[in-house]
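Input: a single structure, listed below in structure tokens.
The values are calculated or read from the model by the stated rules, or taken from the named source; none is laboratory data. Predicted model only: the values in this text are computed from it and were never measured. Counting neighbours? That spans all protein chains shown, and the Cβs are built from the backbone with ideal geometry, glycine included.
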């Protein structure tokens, strides 16, 4: 039963990654056509869509980690789920580091809107 839950979560995360890739392609297309407002809406939706499965993955891995270490039963799916957790926290850390660096160096905004 546990392996079925892990594989279902893996399939959900895979679908999320494919959906986010598609949303990014649509966002780039909209920006190239000059529809910056719609592209920003899609960016907000994709960020929200990305967070829900990742948060559940963090909860899922944290609640079963002790069993995985005791049993020593590592599977490819479990390793991918743990790597997803690491990627999520690395993504947050790199975002914080970039924002700190941008604040120190005083980067200028490169965002565009329809008024520019």
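For beta carbons closer than 6 Å, sequence separation of 6+ or different chains, a first residue in the range 90-116 that is at pLDDT below 75 and a second that is surrounded by 10 or more Cβ atoms within 10 Å (Cβ to Cβ), the qualifying pairs are 112/36; 113/36; 114/36.
One line per residue, one yes/no per condition, for (1) surrounded by 12 or more Cβ atoms within 10 Å (Cβ to Cβ); (2) over 16 Å from the mean Cα position of the chain (by Cα); (3) in contact (Cβ under 8 Å) with a residue 24 or more places away in the chain; (4) in a helix (DSSP H, G or I):
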site: 3; (1), (2), (3), (4): no, yes, yes, yes
site: 7; (1), (2), (3), (4): yes, yes, yes, yes
site: 12; (1), (2), (3), (4): yes, no, yes, yes
site: 41; (1), (2), (3), (4): yes, yes, no, yes
site: 47; (1), (2), (3), (4): no, no, no, yes
site: 57; (1), (2), (3), (4): yes, no, yes, yes
site: 64; (1), (2), (3), (4): yes, yes, yes, yes
